[in-house]
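Bear in mind these aren't lab numbers, they're just calculated from the coordinates by the rules spelled out. Since the structure is predicted, the reported quantities are computational estimates derived from the model, not experimental observations. Ideal geometry is used to build each Cβ from the backbone, glycine not excepted, and the neighbour counts take in all protein chains shown.
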Amino acid sequence: MSERSARGILFADICEMIKAQNLSYRIEGKPILESVSLVLGRGERMSVVGPNGAGKSTLLKCLARIYQAAEGEIEIDGRKQRALSQRELAKLMSYIPQADGFVPPYTVAQFVLMGRYPHLSPFSTPSAEDREAVDRAMSWTGIEEFSARRLDSLSGGERQKVFIAAAFAQDAPLLLLDEPTTFLDPKHQDEVRELLVAAQARGTSMIAVTHDLNEAVLGSDKILALNHGREVYQGDVAGFMQAEVLQAVYGKSFVFVDHPQNGRRMMLPNVMEGGGCGEK
């Protein structure tokens, strides 16, 4: 092997932020994920899409080691996930779950400070560096004015920004998000999207589950599409935006249009499908 080839392999290894191979997960013997593999480089963003029950949230929970009985191998920044302590894992990865209605009984400042837990020693008080990280995360997300308010006094969109601020304070290079803009109004959706774009520009890698296919197309470098726990597609956005791929993922057809600002191919539901009103 030439020196150039060896350098290329080494560079490829270094640039992999997370890699999963043949990831499977079962609940009471029922397969939820089956032999799913993925690779995400540093600073890349992947959207995970698919119909309800496809295994999208389960995939994130396996990557975050919330589900620990998964089969297969996961490497994060070149290290085996199984070999990492919880504190070591939290220094590499932050996870924002779906909004489930539960609101922790803390103020915004207290909650964001909790994001620093992997960097704190047991029984230690937050250092100046920790406080600076919290202040920086709150400034980035524009939530300084909420710092003394309880989380249960905020709107859903405001709380989502707080959860993202806590993840930023955690200062992990990989961010996992489960439907980060679901249930938000258009204004807060745009604000959350802008925060994620800014985080990626700073080098954060992201894997986000979403049902919004156009959001996935506009904001992602890669798409992973699942159906019945299996990979149907993994690759770039252009390859995903093909009629046969979407048919295989969702079992229905779509209408395509070009985005008027950036020219990316977008999709609309086929309202004429199934004998709709006005069909000829």
- Packing-based exposure ordering (other Cβ within 10 Å, fewest first) of ASP171, ASP212, ASP258: ASP258, ASP212, ASP171
- Taking the Cβ-Cβ separation of PHE102 and CYS15 as r and a Förster radius of 25 Å, what is the calculated FRET efficiency to the nearest 0.05? 0.10
- Which order results if LEU268, LEU151 are arranged by neighbouring Cβ count within 10 Å, fewest first? LEU268, LEU151
- When only Cα pairs under 8 Å and 6 or more residues apart are kept, what is the percent relative contact order across the chain? 23 percent
- Note on the structure: Across all Cα atoms of the stretch 24-174, Rg and the largest Cα-Cα distance (Dmax), in Å, are 17.0, 49
- Item | Inter-part distance where the stretch 92-115 and the stretch 123-143 are each reduced to a Cα centre, Å | 14 Å
- Please list, in chain and number order, the residues 5+ apart from VAL255 or on another chain whose amide H is under 5 Å from its amide H, with Hs placed from the backbone. LEU268, ASN270
- Using +1 at the Cβ of each Lys and Arg and -1 at the Cβ of each Asp and Glu in the chain, identify which of SER220, SER124, SER57 lies farthest towards the dipole's positive end. SER124
- Task: Quick one: check the C-alpha center-to-center distance for the stretch 146-205 versus the stretch 227-265, whole angstrom.
- Result: 26 Å
- Message: If you average 1/r across every pair of different Cα atoms in the chain and take the reciprocal, what Kirkwood value do you get, in Å?
- Response: 20.3 Å
- Task: Go ahead and estimate [θ] at 222 nm for the chain from helices alone: -39,500 (n - 2.57) per DSSP H run with n ≥ 4, summed, over the residue count, rounded to 500.
- Result: -10500 deg cm²/dmol
- Message: Could you list LEU175, LEU84 so that the one with the fewest beta carbons within 10 Å of its beta carbon is first and the one with the most is last?
- Response: LEU84, LEU175
- Query: Which values of log₁₀ I(q)/I(0), to two decimal places, follow from the Debye formula for the stretch 81-145 at q = 0.12, 0.15, 0.18, 0.23 Å⁻¹ with a uniform point scatterer at every Cα?
  - Reply: -0.38, -0.59, -0.83, -1.18
- Message: Quick check of the Kirkwood formula: for the stretch 12-90, what is the inverse mean of 1/r over all pairs of different Cα atoms, in Å?
- Response: 13.2 Å
- Note on the structure: Amide H contacts under 5 Å for MET206, restricted to residues at least 5 apart in sequence or on another chain and with H modeled in the peptide plane, are GLU44, ARG45, MET46, LEU175
- Note on the structure: In debye to the nearest 20, the charge dipole size for the stretch 3-251, taken about the Cα centre with +1 at each Lys and Arg Cβ and -1 at each Asp and Glu Cβ, equals 540 debye
- For the stretch 3-251, what is the percent of antiparallel DSSP beta bridges, rounded to the nearest 5? 55 percent
- Send over the per residue convex hull volume for the stretch 141-237, Cα only, as a whole number of Å³. 119 Å³
